[in-house]
1. Rounded to the nearest percent, how much of the accessible area of segment 54-212 (1.4 Å probe, protein heavy atoms only) is carbon and sulfur?
2. Sort largest first and round to whole Å: the equivalent ellipsoid semi-axes of segment 141-233, each the square root of five times a Cα gyration tensor eigenvalue.
3. Rounded to the nearest whole Å², what accessible area per residue is found for segment 58-135 with the 1.4 Å probe?
4. Which FRET efficiency, nearest 0.05, do Ala89 and Thr225 yield, Cβ-Cβ r, R0 35 Å?
5. Please compute the Kirkwood hydrodynamic radius of segment 105-194 from all pairs of different C-alpha atoms, in Å with one decimal.
6. Once every Cα of segment 76-151 carries one equal point scatterer and solvent is ignored, give the base-10 log of I(q)/I(0) from the Debye formula at q = 0.12 Å⁻¹, two decimals.
7. Please give, to one decimal in nm, the separation of the simple spin-label points placed at Ala49 and Val173, each 7 Å out from Cα toward the Cβ.
8. If we count every other residue with Cβ under 9 angstrom of Leu157's Cβ, Lys/Arg +1 and Asp/Glu -1, where does the sum land?
Amino acid sequence: MKKITILLAFLTLVASPTVWAQCSTSAWDDIKGGTDPVVANTNNPLSGACSLEVPVTTGKRHVEDQMSQETSFRASFQIDPNSIDIPTAGSGRKIKVHNAQCAGGCSAYNSVDWFQAKLRKNPGVYKLGIWAREADGNKLNVSLDLVDGCNTVEYQLIAGNPGTFRVWVNNSVEGSPDFEVTNADFTGRYTDRARIGRMGQGVNINANATGEAFYLDTFESRRQTFIGNTCSP
């Protein structure tokens, strides 16, 4: 598993890039474990030597990256659904796999999440439901297809009014995002904490997927410049 945190202000490097290729979660600022923790191992490396294995069980199991209050935030990560057998219809069938938060308290709507991504399965295809929350609580939503293999997800958040929200999935062309909003009201928004793993899931997930796992890899964050990490599905 690789965790890369690169904070770029225009062309000025303000934090040196750090890459962890070892099979360990110790490089992260915080780990939410429990009886079924996320585990970095060599079972299914998406990039490098190993990936983050996330068991599909009840509870929160994630790693966390902490930062200053970033009003311009880009992030990229890789995800492999790994053929998990989650329900394809009905409620309570989503897994929250990533969020970007303003933990310092930028929200008046009982949520610190600025960005959130949830994995689900429709007949014949895995999907990633993504949203960004505006200052008044409104969610800017998009649902994008994933392959049952390695996928690269990238997004951009720029605070202010107008603010910007862009998403790329298996797409290395910066000028052609799969989803784009350039008139969002992100007044007062910022990112000071990012989590990846399992931040919660629907009550019906374990009907099919007990004992299964999905995989995450190569989390990278920046202030500016397109990341463009890609993997072959």
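The values are calculated or read from the model by the stated rules, or taken from the named source; none is laboratory data. Note that the structure is a prediction, hence the values are computed from the model and not measured. FYI the Cβ positions are ideal-geometry reconstructions off the backbone, even for glycines, and counts take in every protein chain you see. What goes into the accessible areas is simple: the full protein's heavy atoms, side chains included, and nothing from ligands, DNA or RNA. Shrake-Rupley method; radii C 1.70, N 1.55, O 1.52, S 1.80 Å.
1. Working: 2490 of 5920 Å².
Within segment 54-212, the accessible surface is 42 percent carbon and sulfur.
2. On the way: eigenvalues 141, 64, 35 Å².
Each semi-axis is the square root of five times an eigenvalue, giving 27, 18, 13 Å.
3. Working: 2730 Å² over 78 residues.
That works out to 35 Å² for each residue.
4. So the FRET efficiency works out to roughly 0.30.
5. About 13.9 Å, per the Kirkwood formula over Cα pairs.
6. After summing over all Cα pairs, the log10 values are -0.38.
7. Taking the simple label geometry, Ala49 and Val173 are separated by 3.8 nm.
8. Details: positive: Arg74, Arg166, Arg189; negative: Glu70.
Neighbour charge sum, excluding Leu157 itself: +2.
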